[in-house]
Amino acid sequence: MDRSLEWTLLAEARAKGIERFAVGAVITRNSKVLLLRRKKDDFMGGIYEFPGGQVEPEESLEEALIREVEEETGMRASEPGEFLGSFDYTSANGEETRVFNFAVAVKNSESIVLREHDDYMWADRSAMRRLKPTEDVARVLDKIWRPGRATGLDE
């Protein structure tokens with residue numbers, strides 16, 4: 001990942017007073033996107049989301065993406081690809097958090113081992129309409145499914 005992009009993204013968030021960061025990994029296979037379901041008793045329980053999580057102190061966005069993908073799915077991620085946008089939310093403890101979403105390629109998408117979620121699915125556009133994702137996740141998905149997108153879903 002280009003470090004100047006990371007610095008720009010973090011500086012924009014900090015300019016708005018946001019100091020807590022997270023990453024989302026948009027992983028695709030056969031024109032479908034991997035979504036994980038939060039456990040019912042977790043913050044925002046039951047929603048489907050991209051693999052990802054909080055960026056640790058002194059960790060780069062790229063390092064956080066690779067670590068979170070492995071922690072949450074058991075898959076090995078390679079270098080992040082296209083930046084797909086960000087969104088903000090208020091965490092369970094009331095902190096404003098910015099989530100940076102990137103396309104991420106993985107080496108072993110056939111073997112998913114859930115450690116922090118209770119279900120997963122490879123979702124296509126029609127499944128997304130049934131799932132009713134959060135508006136923020138839907139905006140990211142619209143970017144990857146937009147007509148004429150230069151980069152395909154299965155990079």
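The values are calculated or read from the model by the stated rules, or taken from the named source; none is laboratory data. Fair warning: this is a prediction, and the values are worked out from it, not measured in the lab. Ideal geometry is used to build each Cβ from the backbone, glycine not excepted, and the neighbour counts take in all protein chains shown.
Numbers for the structure displayed
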| read-out | value |
| --- | --- |
| Single unsatisfied condition, residue 46 versus (1) surrounded by fewer than 17 Cβ atoms within 10 Å (Cβ to Cβ); (2) modelled with pLDDT of 90 or more | (2) |
| Residue match in the range 60-83 (condition: among the β-branched types (Val, Ile, Thr) and surrounded by fewer than 17 Cβ atoms within 10 Å (Cβ to Cβ)) | no |
| Residues located in the range 86-132, provided they are within 25 Å of residue 56 (Cβ to Cβ), crowded, with 16+ Cβ neighbours inside 10 Å, of a type outside the set (Ser, Thr, Tyr) and modelled with pLDDT of 85 or more | 87, 98, 99, 100, 101, 102, 103, 104, 105, 106, 112 |
| Residue match in the range 55-62 (condition: small (Gly, Ala, Ser) and modelled with pLDDT of 95 or more) | yes |
| Close pairs (7 angstrom Cβ cut-off, 6 or more residues apart or separate chains): in contact (Cβ under 8 Å) with a residue 40 or more places away in the chain and on the phi > 0 side of the Ramachandran plot in the range 69-97, surrounded by fewer than 14 Cβ atoms within 10 Å (Cβ to Cβ) and not in a strand (DSSP E or B) anywhere | 74/111; 74/113 |
| Residue match in the range 19-31 (condition: in contact (Cβ under 8 Å) with a residue 12 or more places away in the chain and assigned to a helix (DSSP H, G or I)) | no |
| First in the range 1-18 and under 10 Å from residue 98 (Cα atoms) and at pLDDT below 95, second anywhere and in a helix (DSSP H, G or I) and among the polar types (S, T, N, Q), Cβ under 8 Å, 6 or more apart | none |
| Only listed residue being over 28 Å from residue 125 (Cβ atoms) and out of contact with any Lys or Arg (no Cβ under 6 Å at 6 or more places or on another chain), chosen from 68, 49, 62 | 62 |
| Hey, residue 17 surrounded by 12 or more Cβ atoms within 10 Å (Cβ to Cβ) and of a type outside the set (Val, Ile, Thr) or not | no |
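Conditions tested, residue by residue: (1) of a type in the set (Lys, Arg); (2) under 15 Å from residue 100 (Cβ atoms); (3) out of contact with any Ser or Thr (no Cβ under 9 Å at 6 or more places or on another chain).
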residue: 26; (1), (2), (3): no, yes, yes
residue: 38; (1), (2), (3): yes, no, yes
residue: 43; (1), (2), (3): no, no, no
residue: 51; (1), (2), (3): no, yes, no
residue: 65; (1), (2), (3): no, yes, yes
